[in-house]
1. Between K74, K57, which is closer than 17 Å to H26 by Cα and out of contact with any Asp or Glu (no Cβ under 9 Å at 6 or more places or on another chain)?
2. For the range 7-33, how many residues are part of a helix (DSSP H, G or I) and either touching a residue at least 24 places away in the same chain (Cβ under 8 Å) or within 9 Å of the chain's Cα centre (by Cα) (or both)?
3. List the number of the failed condition for F79; all other conditions in (1) at pLDDT below 85; (2) open to solvent by less than 80 Å² (accessible area, probe 1.4 Å); (3) aromatic (F, W, Y); (4) more than 15 Å from the chain's Cα centre (by Cα) hold.
4. Assuming M1 fulfils every condition listed in (1) touching a residue at least 40 places away in the same chain (Cβ under 8 Å); (2) more than 23 Å from I87 (Cα to Cα); (3) under 11 Å from the mean Cα position of the chain (by Cα) apart from one, which condition is it?
5. Of the conditions (1) open to solvent by 20 Å² or more (accessible area, probe 1.4 Å); (2) in contact with a helix residue (DSSP H, G or I) (Cβ under 6 Å, 6 or more places away or on another chain); (3) at pLDDT 85 or above, D17 fails just one. Which one is it?
Amino acid sequence: METIIIRAKIILSNIFDVDLLHFERHDTRKQIVIDARRFLLFYLRKELEMKYVDILKHIPALKNHATLIHHFNKCKDLFEFEPSFKIKYLIFKNEVDNEEAMTIEDYIVKLKDDRSKINKLLIKYRKLL
């Protein structure tokens, strides 16, 4: 179960372009971070049938079970009234459930590759300055 949750966090960080630490820390109120947390919360509660207390262990950025309940209900409302939100969730769910999708090791290699590309760009721009 732990690997599924880690995969879900990695997939969400790629979909929403947020840092993985945003699932751990409550230091931002950006909508994309909130939506990523909501997707993870909804997935853990609905698909994996986890209890709110257990979900708090995986998303400590959400302070307590009342916050979890609020976000879960808000997510259900958004699915009903914003079709694009539900489509984005279904894409995420499909990617997490897909056994042939990237493994965690593949994501790590991809992140290292992205990091090296960024470092090369930084060196290039420093030379220009």
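1. After ruling out the rest, the residue left standing is K57.
2. 14
3. (1)
4. All conditions are met except number (3).
5. Of everything listed in (1) open to solvent by 20 Å² or more (accessible area, probe 1.4 Å); (2) in contact with a helix residue (DSSP H, G or I) (Cβ under 6 Å, 6 or more places away or on another chain); (3) at pLDDT 85 or above, D17 misses just condition (2).
Each row is one residue, and each column tells you yes or no for (1) at pLDDT 90 or above; (2) over 16 Å from I4 (Cα atoms); (3) open to solvent by less than 70 Å² (accessible area, probe 1.4 Å).
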{"site": "R29", "(1), (2), (3)": "no, yes, no"}
{"site": "I32", "(1), (2), (3)": "yes, yes, no"}
{"site": "R37", "(1), (2), (3)": "yes, no, yes"}
{"site": "L40", "(1), (2), (3)": "yes, no, yes"}
{"site": "R45", "(1), (2), (3)": "yes, no, no"}
{"site": "E49", "(1), (2), (3)": "yes, no, no"}
{"site": "P60", "(1), (2), (3)": "no, yes, yes"}
{"site": "A66", "(1), (2), (3)": "yes, yes, yes"}
{"site": "F72", "(1), (2), (3)": "yes, yes, yes"}
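The values are calculated or read from the model by the stated rules, or taken from the named source; none is laboratory data. A quick note: this is a predicted structure, and the numbers were derived from the prediction, not measured. Heads up, the Cβs are rebuilt from the backbone with ideal geometry, glycines too, and the neighbour counts pull from every protein chain shown. Note: areas computed on protein heavy atoms with side chains; ligands, DNA, RNA excluded. Shrake-Rupley method; radii C 1.70, N 1.55, O 1.52, S 1.80 Å.
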